[in-house]
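Please treat every number below as a calculation from the coordinates, not as lab data. What you are looking at is a predicted structure, and each value in this text was computed from that prediction instead of being measured. Ideal geometry is used to build each Cβ from the backbone, glycine not excepted, and the neighbour counts take in all protein chains shown.
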Amino acid sequence: MRLAIAQINLTALADNLAQVRKFAPKSKVMAVLKANAYGHGLVKIAQHLNDADAFAVARIDEALALRAGGLTKPIVLLEGFFHQDDLPILLANNFQTIIHDENQLKALEEASLDEPISCWLKINTGMHRLGIAPAQLNDFYQRLQATSNAKDTINLMTHFSCADDLQDPKTAAQIALFDSLVQGKQQAHCLSNSAGIIAWPAGHGEWVRPGLMMYGVSPMLNATGKEHGLKPVMRLTTKVIAIRDVDAQQCVGYGGRWQSTKATKLAVVAMGYGDGYPRHAKQGTPVVIGSKRYPIAGSVSMDMISVDIGENTAGIKVGDEVEMWGPKLPVEEVAQCATTIPYELLCNITPRVSYEYLE
Ligand SMILES: *Cc1c(COP(=O)(O)O)cnc(C)c1O
């Protein structure tokens, strides 16, 4: 019997991609599959995103894994390439690259390639992570047009830093700056991550880059995917492996961080930080058994968590399934309980967890 299982709902995935298209009906979709498709399984997820126009990943190895898996769509490398030796690999595999700094541009200019590479010029409009400064744009643009190693169509990209917060004026400022910079440059523009797609229609452009929302999860502050018509793709489950009695005033788990106030029963569930469940989930973080929520009691250990199911066990028995997050318990909520973001919880699933793909 398998214990920790990530059930992946492929119908929900397809529905969420359709929802991306509803939010941004005029844009093409570059489906973001980095970090093992946010912990959902890179190749499997890609195989079920036939409706996407392209894929995007962070690193070359991720893109090569997609090709090894038989995927043929264009793939955009969101961090670009790192070394001139990477360029023939890009060419041979139909990878498109971001150009975000002088080193990359120089390597591209100096390479001797049989054919030009498709490039996205990334402009920093306020994120201050990757991207050229606005003042460098014309120089970079002209040099890319001049080199025979870059395709004539030079696409333009930027990335939002605060789009998850509707109250933050920064996103509108980033869109306005980008629009002013790219005026007169007819090539494809791409600005929006999931939060941009959901909340900032002025930033949709010819292409959008949805990640988190495709997996049914909200990128917005204090929201869940359901509010945007999204369905959770991952349901993380395990089983009850023991039910124990504790008396009043017993300290449970490592460090004795939780103490029973009265006699109760604890269900021990087979899930811990060794599966990717957050060790920092606070006391009382919910799990779902049957259709009811129960609070975790004590520290999350590597392989197990104790759950307070109350004096009369509510019919819970060994072998019962436990939902750690999924349709009955949004991962957004668990992330809040662990003072992190749902992105991190999804990416942190470890290889010990089995995957089941449901059509
Ligand atoms: C990860 C990433 C995305 C997708 O972001 P989500 O918030 O998951 O939609 C888009 N663009 C870039 C550059 C990224 O790194």
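Structure data summary
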{"item": "Rounded FRET efficiency, nearest 0.05, which uses the C-beta distance separating Asp245 from Asp15 and R0 of 30 Å", "result": "0.10"}
{"item": "In sequence order, calculated HN-Hα J values of the range 189-202 (Karplus, 6.51, -1.76, 1.60; Hz; x Gly/Pro)", "result": "10, 9, 10, 9, 7, 4, 5, x, 5, 6, 10, 10, x, 5"}
{"item": "For the range 219-359: span of alpha carbons on each principal axis (Å, largest first)", "result": "44, 30, 29"}
{"item": "Note, ³J(HN,Hα) from phi for the range 235-247, Karplus 6.51, -1.76, 1.60, rounded to Hz, x at Gly and Pro", "result": "10, 9, 10, 8, 10, 6, 10, 6, 10, 10, 8, 10, 7"}
{"item": "Listed residues Met304, Met271, Met30, most fluctuating in the chain (Gaussian network, C-alpha, under 10 Å)", "result": "Met304"}
{"item": "Segment Lys44-Lys22, extension gain: residue separation times 0.36 nm, minus the distance between their alpha carbons", "result": "5.5 nm"}
{"item": "Gain in span if fully extended, Gln84 to Gln336, counting 0.36 nm per residue against the direct Cα distance", "result": "86.5 nm"}
{"item": "Paramagnetic reach from Ala263 (point 7 Å along Cα→Cβ, amide N under 20 Å) across the range 226-245", "result": "243-245"}
{"item": "Inter-probe distance in nm under a simple model that places probes 7 Å from Cα toward Cβ, at Glu102 and Gln167", "result": "4.1"}
{"item": "FRET E, pair Glu115, Ala176, Förster distance 51 Å, beta-carbon r, rounded to 0.05", "result": "0.90"}
{"item": "Whole-Hz ³J(HN,Hα) from phi, Karplus 6.51 cos²θ - 1.76 cosθ + 1.60, for the range 292-299, glycine and proline x", "result": "10, 8, 10, x, 6, 10, x, 5"}
{"item": "Under 29 Å from Lys265, Cα to Cα: lysines that are on another chain or at least 8 residues apart", "result": "Lys239, Lys282, Lys292, Lys317, Lys328"}
{"item": "For Trp258, distant residues with modelled amide H under 5 Å away", "result": "Val252, Gly298, Ser299"}
{"item": "Antiparallel content of DSSP bridges confined to the chain, in %, to 5", "result": "50"}
{"item": "Estimated distance in nm for a label pair at Ser291 and Tyr355, the labels positioned 7 Å out from Cα along Cα-to-Cβ", "result": "3.1"}
{"item": "Translational diffusion coefficient (Stokes-Einstein; Kirkwood radius from C-alpha pairs) of the chain at 20 °C, 1.002 mPa s, in µm²/s", "result": "97"}
{"item": "Between 0 and 90°, nearest 10: helix 137-146 axis offset from the chain longest Cα axis", "result": "60"}
{"item": "Potential lengthening between Lys317 and Thr72 on full extension [0.36 nm per residue; Cα-Cα distance subtracted]", "result": "83.5 nm"}
{"item": "Rounded, prolate or oblate (a/c below 1.5 giving rounded, otherwise prolate when a/b exceeds b/c) for the range 10-218 by Cα gyration tensor", "result": "oblate"}
{"item": "Given Lys106/Lys170; Lys26/Lys73; Lys26/Lys231; Lys185/Lys226, the pairs whose alpha carbons are separated by over 27 Å", "result": "Lys106/Lys170; Lys185/Lys226"}
{"item": "Partners for Lys151 among aspartates and glutamates (Cα-Cα distance below 13 Å; same-chain residues under 8 apart left out)", "result": "Glu109, Asp114, Glu115"}
{"item": "Placed amide H near Leu121: partners under 5 Å, 5+ positions off or other chain", "result": "Ile99, Asn155, Leu156, Met157"}
{"item": "DSSP-assigned coil residues among trypsin sites (Lys or Arg not before Pro) in the range 104-202, each with at most 15 further Cβ atoms within 10 Å", "result": "Arg129, Lys185"}
